[in-house]
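Student: One structure, as structure tokens, below. Some questions next.
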Amino acid sequence: MGEKKRVGILGGTFDPIHVGHLMTAEAVRDEYHLDKVIFIPAAEPPHKRHQDVTMAKHRYVMTVLATCSNANFEVSDIEMSRPGPSYTIDTISQLITQYGNDTEFYFITGADTIQEIHTWDRIDELLQLCHFIGASRQGCVPDVNQIKESFGELGKQKIHRLETPELEISSTDIRQRVKKGYSIKYIVPTAVEQYIYKQGLYKD
Ligand code: ATP
Ligand code: MG
């Protein structure tokens with residue numbers, strides 16, 4: 001039997017996808033020798049249920065536009081095509097069924113998100129199924145050792161911290177910039193910038 005395939009997952013709202021997501025995914029892919037990273041736009045993010053989130057179709061197209069020039073990046077509609085809220089445990093279980101047991105999954109998050117995984121649905125079960133990589137995010141200094149320890153032995157084995165370049169970029173800020181008529185050049189790929197204007201996203 002050969003070595004296991006290593007697949008990274010970057011789940012997010014991607015409203016819109018930006019250079020912070022792309023650079024983080026590429027840095028983790030390099031460091032962990034991942035065969036590829038699958039970007040998975042959430043259909044109905046459980047933690048954002050009360051906010052206005054752009055139609056999944058637009059977020060999916062922007063994610064495809066942003067990733068198509070990287071042969072090691074892929075986009076999946078696995079969460080968008082499943083009814084109801086998007087729980088990561090359901091997504092990873094579905095992927096394991098698809099890929100089989102000789103693939104290892106690495107769920108990539110920013111530092112803000114790794115701090116919150118204790119609130120995730122069936123997190124103990126999820127840690128049995130995949131690794132978690134907490135990448136750096138500007139303004140967030142999570143105590144990853146404490147997070148690991150809070151999950152005991154499983155946490156020590158499955159939760160990892162990776163220092164990655166910090167870019168002070170968020171989708172929230174990009175949406176506000178578009179609304180105010182400020183430039184978003186170099187914060188999102190050109191094709192995403194054009195798509196936002198063409199579709200009139202984030203104007204109000
Ligand atoms: P919003 O402001 O709408 O919450 P966001 O910029 O945080 O958007 P999400 O789609 O919520 O983007 O994030 C998806 C994942 O990417 C999360 O794990 C988040 O921590 C991570 N992430 C987002 N932006 C960055 C960044 N600039 N650097 C590192 N990680 C990031
Ligand atoms: Mg966020």
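Student: If a residue must be over 10 Å from L65 (Cβ atoms) and exposed (fewer than 15 other Cβ atoms within 10 Å of the Cβ), how many such residues does the stretch 180-204 contain?
Tutor: 11
Rundown of residues vs (1) within 13 Å of ligand 1 (Cβ to nearest atom); (2) under 21 Å from T190 (Cβ atoms); (3) surrounded by 20 or more Cβ atoms within 10 Å (Cβ to Cβ); (4) at pLDDT below 95, yes/no style:
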{"residue": "M1", "(1), (2), (3), (4)": "no, no, no, yes"}
{"residue": "A27", "(1), (2), (3), (4)": "yes, no, no, no"}
{"residue": "H33", "(1), (2), (3), (4)": "no, no, no, no"}
{"residue": "K36", "(1), (2), (3), (4)": "no, no, no, no"}
{"residue": "V53", "(1), (2), (3), (4)": "yes, no, no, yes"}
{"residue": "A56", "(1), (2), (3), (4)": "yes, no, yes, yes"}
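Student: Residues being surrounded by fewer than 17 Cβ atoms within 10 Å (Cβ to Cβ), in contact with a helix residue (DSSP H, G or I) (Cβ under 7 Å, 6 or more places away or on another chain) and closer than 25 Å to D102 by Cβ: count how many of those fall in the stretch 130-161.
Tutor: Count: 2.
The values are calculated or read from the model by the stated rules, or taken from the named source; none is laboratory data. All values derive from a computational prediction rather than experimental measurement. Positions of Cβ are generated from backbone atoms using ideal geometry, with glycine treated the same way; all protein chains shown enter the neighbour counts.
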